[in-house]
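Note sheet for the following structure.
Rule-based calculations on the coordinates, nothing more; no lab input. These figures come from a predicted structure and were not determined experimentally. Using ideal geometry, Cβ is built from the backbone for each residue, glycine included, and neighbour counts are taken over all protein chains shown.
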């Protein structure tokens, strides 16, 4: 079956611009996670959704970052006033409720110039 | 806060050699522990897990034992293959903060024929 998909695969934007990154989880997975991965580092937790609500957003670095999941399926990570330090691979994962096994998408590589 | 430390790579070894990747953690509670693997060109995938002290997780010839006394979860494989070349990530999840996974920086393993 289809895995987790993320679009776009690559995004280049100028400093100060607004970007949206999309994640389409595996059908039936109620839990959805966003991570950020910088070069040579492991994934850094950003936010976790259970259904439509953000159960834990403690990893969002500041108020320029926001994520939504309005219908409990697709999620969008939104970054306002991008900075060069936001450049990273943004990973999305999904899982069944209560399961430890997360299924990761291929990521979106964001480059802020 | 909770954290994971794993040995730096790259780890280069010959086919059929014994592999150990060290992982230690810091946590105030009793976390569940995981190893994820990222093969070249693919997304992260769960390799094995252990949810309580002295549990041993195993999969694809890999093993790791949850050692509470040494706060460790070292990954081992007795005889590696070229196809085991990948980046390996140790991770934890505190049941009190379900969904918030903490990953180590990753260890690249290169197996040569």
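Relative contact order for chain A using alpha-carbon pairs under 8 Å, separation at least 6, rounded to a whole percent?
Across chain A, relative contact order equals 37 percent.
Per-residue Cβ counts within 10 Å, from other chains only, averaged over A:91-101: what number is that? Spell out each step's value before the answer.
On the way: counts 2, 1, 4, 0, 2, 0, 0, 1, 1, 10, 5.
Counting other chains' Cβ atoms within 10 Å and averaging over A:91-101 gives 2.
Mind giving me the FRET efficiency for residue B:71 and residue A:58? R0 is 25 Å, r the Cβ-Cβ distance, nearest 0.05 is fine.
0.65
So what are the three principal axis dimensions of chain A from its Cα atoms, in whole Å, longest to shortest?
Its Cα atoms span 38, 26, 23 Å along the three principal axes.
Which of the three applies to the protein assembly as shown, rounded, prolate or oblate, going by the alpha-carbon gyration tensor with a ≥ b ≥ c and a/c under 1.5 meaning rounded?
Prolate, because a/c is 1.5 or more and a/b exceeds b/c.
Using the number of other C-beta atoms within 10 angstrom as an exposure proxy, rank B:109, B:4, B:11 with the fewest first.
B:11, B:109, B:4
Which whole-percent values make up P(r) of the range B:1-101 when all C-alpha to C-alpha distances are grouped in 5 Å steps starting at zero?
Going out from 0 Å in 5 Å bins, the range B:1-101 shows 2, 13, 24, 25, 18, 10, 5, 1, 0 percent.
Need one number: nm distance between label points at residue B:18 and residue A:38, each 7 Å from Cα along Cα→Cβ, rounded to one decimal.
3.7 nm
Mind jotting down the three principal axis lengths of the range B:8-61 based on Cα atoms? Whole angstrom, largest first.
37, 24, 22
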